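Please read the structure below before turning to the comments.
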Amino acid sequence: MSLFRFGNLERELDFTDADFLDRLDYAYEKIQEDVKALPKEGKNSDLVRAQNACYDTFFDNILGEGASREMFDTNSLSRRIDAAEALAEFRQAEDDQFSSRISDYQVNKPKNRQQRRYDQKHGKSGKKHHERVS
């Protein structure tokens, strides 16, 4: 679990928590639906506000109601895109850190070249050998 910061928002996020991942999945599904419903014509300011609303709902679904108000003090679409990129980068860093942490605990770790050569030289191919029954 690490601290995600953007604007005035600070939240502890745990990308290994199943409940948090449920909220994240829901938010991604919801934003895809919301984007499909965006108006295609109108004043530029109205189009930007509609897109902002999609992002605000997205962040509120993930980080809790009102999170978008803490994150954004303007109606800038660019700031919302920055926040989405920051969240994606944060998640990637957390995933990388967790992957390196659990690599030592994998049950079926892949073998390196030296281990594969040793096994091959000593007849341990890892494949099951079927014996002939006479």
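Bear in mind these aren't lab numbers, they're just calculated from the coordinates by the rules spelled out. Note that this is a predicted model, so its numbers are computed, not measured. With ideal geometry, Cβ positions are generated from the backbone for all residues, glycine too; neighbour counts draw on all protein chains shown.
Axis angle, to the nearest 10 degrees, between helix 44-63 and the longest C-alpha principal axis of the chain: 50 degrees. Note on the chain: GNM, Cα springs under 10 Å; of GLY123, GLY64, GLY42, the largest mean-square fluctuation is that of GLY123. In the chain, helices alone account for a calculated mean residue ellipticity at 222 nm of -19500 deg cm²/dmol, with every DSSP H run of four or more residues adding -39,500 (n - 2.57). Loop-located GluC sites (Glu not before Pro) in the range 64-104 (DSSP state not H, G, I, E or B) with no more than 10 neighbouring Cβ atoms inside 10 Å: GLU65. In the chain, how many lysine pairs have Cα atoms under 30 Å apart, counting only pairs 8 or more places apart or on different chains? Eligible lysine pairs with Cα atoms under 30 Å apart amount to 10.
When the alpha-carbon atoms of the chain are used, the pair Rg, Dmax equals 23.8, 85 angstrom. For the chain, the longest principal axis of the Cα atoms and the long axis of helix 18-36 meet at an angle of about 50 degrees.
The range 1-56 gives an Rg/Rh value of 1.11, both radii derived from C-alpha positions and Rh following Kirkwood.
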